[in-house]
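S.K.: Pasting a structure below so you can have a look.
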Amino acid sequence: MSECVFCRIVAGSIPATRVHEDEHTVAFMDIGQVNPGHVLVALKAHAENVYALDDAQAAAVFRAAARVARGIRAAFQPQGLSVYQANGQSAGQTVFHFHIHLVPRHEGDGMALTWPVKNPAREKLEEHAAKIRAALR
Ligand SMILES: [Zn+2]
C-alpha cells in the first residue's frame, strides 16, 4: 500500500468526495474547504510535482481543471476563482503528489497571497529570459 495519501484516494482505499474523474485525473473536494466548492484536481498516476509531468499528463490535468472550474462557477457563482498549484515545500506544497487547487473566491474571504513585486530593470528580465530559453533547447 502506498504511503501517498492521494495515491490512496485514487485507489479508493481512503474516502474522498469525488466530483469528476477521467482516464488520467480525479477531482475531489478538499477536506479543508477554504471556501465552499474548493476542489483538488490530481493526476491518477503518482507524480510528485510539475517537473515530473509528461506532456500528456500536463494536458490532461489542466483540461480537467478547466472543466471542473466551469462546474464550480455554475454551481456556486463565485466572484472569482483562484487556481493554485505548489511545487516544493518552500512553495507551500504539503502533499507531494501533483494537484491543482480550484478555490472559489469572494471579496473579503481572507485568502491571501503575498506578491512581493521587485520590478527589475528590462536588462535583468532579458538576462533571466535568456537562461530559461537556453534551458528549453
Ligand atoms: Zn501519490
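The values are calculated or read from the model by the stated rules, or taken from the named source; none is laboratory data. It should be emphasised that the depicted structure is a prediction, and the values quoted were computed from it without experimental measurement. Here the Cβ is made from the backbone with ideal geometry for all residues, glycine too, and neighbour counts use every protein chain on show.
S.K.: What pairs can you find where one residue is in segment 49-60 and farther than 18 Å from Gly92 by Cβ, the other is modelled with pLDDT of 95 or more, and their Cβ atoms are less than 6 Å apart, with a gap of 6+ or different chains?
M.R.: Note: pairs meeting the criteria are Leu53/Ala47; Gln57/Leu43; Ala60/His24; Ala60/Thr25.
S.K.: Within segment 20-48, how many residues turn out to be out of contact with any strand residue (DSSP E or B) (no Cβ under 9 Å at 6 or more places or on another chain), under 28 Å from Ala74 (Cβ atoms) and in contact (Cβ under 8 Å) with a residue 40 or more places away in the chain?
M.R.: So the count comes out to 1.
S.K.: Okay, next question. Among the residues of segment 1-40, count how many are within 12 Å of the ligand (Cβ to nearest atom), farther than 15 Å from Thr94 by Cβ and acidic (Asp, Glu).
M.R.: 0
S.K.: Just one of the numbered conditions (1) in a loop (DSSP other than H, G, I, E, B); (2) at pLDDT 95 or above; (3) closer than 22 Å to Ile31 by Cβ is not true of Leu113; which one?
M.R.: All conditions pass for Leu113, except number (2).
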